[in-house]
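Visitor: What follows is a single structure, and I will ask about it in a moment.
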Amino acid sequence: MAKTRSLKKKPRESNHNPNPSMATPSPPPRRRKPQTLATVSAILAVLLVISVICLLLVSSNTWRAFQQVVSYETITVVNEFPHDPQAFTQGLLYTGNNTLFESTGIYGKSSVRKVALRTGKVQKLQKLDDSLFGEGLTLLNNRLIQVTWLQTVGFIYDLKNLSKLGTFKHDMKDGWGLATDGKVLFGSDGSSTLYQIDPQTFKAVSKQVVFYKGHQVHNLNELEYINGEVWANVYMTDCIAKISPNDGVVVGWILLPNLRKELIEAGYNAIDVLNGIAWDAEQERIFVTGKLWPKLYEIKVSPMKSTIKEGMVEQLCLRKPFNFS
Ligand SMILES: *[C@@H]1O[C@H](CO)[C@@H](O)[C@H](O)[C@H]1NC(C)=O
Ligand SMILES: *[C@@H]1O[C@H](CO)[C@@H](O)[C@H](O)[C@H]1NC(C)=O
């Protein structure tokens, strides 16, 4: 042992300057072997750090959002139906037999209503207290469930006669959208979080931040569950995000700017944003409308033929978090 050590030290000692006070520049010590070793270990350390970072990224939603193949879809209008132009649509669902249920907002005008699809006629209406602003609506086990804006209180109604069956408290920050797959409730509160909510306790059992190519999708509004995806209106846009409820990744965008544009061109200047998606699972029909829109549309969705320009979806569909205060 002692022998090897002294052998190793030898070359160092031979280069040692016997008089350090004389600042004569001495050639750098020739320590090729230790230097190579140091370089190799440095490279290994860097590689290790890189692989750890890669592993972390691969396991994160952000990275999956980057990798995800996103579909970009456009629409064609199959049918147009009348819609109450006084209805500030916040929740929409289809229950069969050409019947829709709708939740409307605005203080003093908020309601839950049963609407005939073909005529737009309101068949039953349950008004909310004037202090409440109606928001998202869904149906589970013949009970309509509604959330309200700037509140954590929600209401349960009987599907048949719209009589109020109960009140609940949820733990989202606000009440915007509701949908269900028949087991859990999906909820939105205007943030980029998609909640999964236990329909018995109304506690959030899971939360996913919704991402599109590394960008958070803020202002998630009205929701609908369609074939394993949660479709969300993004507030202040003409876009619907198709979200994978497992990881919050946006798997597709439906771009609908023409609906609002055509209504405005037809003279309906008072209309507000696109909001409200309903799904007829039996006949595979998709219905959309907007706040104060005079029409409700049955649409078909198909992949866009032209390629999407870089940054176009970000510009059309992503907005900064909305601040109401
Ligand atoms: C379907 O709707 C029509 C028209 O509103 C109504 O007369 C009929 O009773 C409904 N059928 C069912 C099964 O609810
Ligand atoms: C509504 O229907 C439920 C049962 O479906 C019944 O218990 C309730 O009394 C009805 N309410 C009104 C106001 O008719």
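Visitor: Name the residue farthest towards the positive end of the dipole of the stretch 79-317 from the options Pro199, Gly248, Val210, assuming +1 on Cβ of Lys and Arg, -1 on Cβ of Asp and Glu, about the Cα centre.
Guide: Towards the positive end, the residue furthest out is Pro199.
Visitor: Can you tell me how the stretch 150-221 classifies by the Cα gyration tensor, rounded, prolate or oblate, using a/c under 1.5 as the rounded cut?
Guide: Here the stretch 150-221 falls in the prolate category.
Visitor: Enumerate the amide H contacts of Ser206 below 5 Å, restricted to partners 5 or more residues apart or on another chain; note that Pro and chain-start residues carry no placed amide H.
Guide: Gln196
Visitor: Now for a different question. Provide the net charge surrounding Ile277, with neighbours chosen by a C-beta distance below 9 Å and charges set as Lys +1, Arg +1, Asp -1, Glu -1.
Guide: For residues surrounding Ile277, the net value is -2.
Visitor: Also, I was wondering about something else. Please report, in whole Å, how far the alpha carbons of the stretch 181-317 spread along each principal axis, starting with the longest.
Guide: Per principal axis, max minus min of the Cα coordinates gives 46, 33, 28 Å.
Visitor: How large, in Å, is the stretch 79-317 by the Kirkwood hydrodynamic radius built from its alpha-carbon pairs?
Guide: Result for the stretch 79-317, one decimal place: 17.6 Å.
Visitor: On to the next question. When the dipole is taken about the Cα centre of the stretch 79-317, and only Lys, Arg (+1) and Asp, Glu (-1) are charged at their Cβ, what size is it in debye, to the nearest 20?
Guide: Using only the charged Cβ atoms, the result is roughly 380 debye.
Visitor: How charged is the neighbourhood of Leu255? Take every other residue with its Cβ under 9 Å from the Cβ of Leu255, and add Lys/Arg as +1 and Asp/Glu as -1.
Guide: -2
Visitor: Using the heavy atoms of the protein chains alone and a 1.4 angstrom probe, what is the accessible area of the stretch 79-317 per residue in square angstrom?
Guide: Accessible surface, normalised per residue, equals 42 Å².
Visitor: Considering only protein heavy atoms and a probe of 1.4 Å, how much of the accessible area of the stretch 183-325 is carbon and sulfur, as a whole percent?
Guide: Ligands and nucleic acids excluded, carbon and sulfur give 49 percent.
Visitor: Taking a ≥ b ≥ c as the square roots of the Cα gyration tensor eigenvalues, with a/c under 1.5 meaning rounded and otherwise prolate when a/b beats b/c, else oblate, which class fits the stretch 251-322?
Guide: oblate
The values are calculated or read from the model by the stated rules, or taken from the named source; none is laboratory data. Since this is a predicted model, take the numbers as computed values, not measurements. Note that we place each Cβ from the backbone using ideal geometry, even for glycine, and neighbour counts take in every protein chain shown. All accessible areas refer to the heavy atoms of the entire protein, side chains included, with ligands and DNA or RNA removed. Shrake-Rupley method; radii C 1.70, N 1.55, O 1.52, S 1.80 Å.
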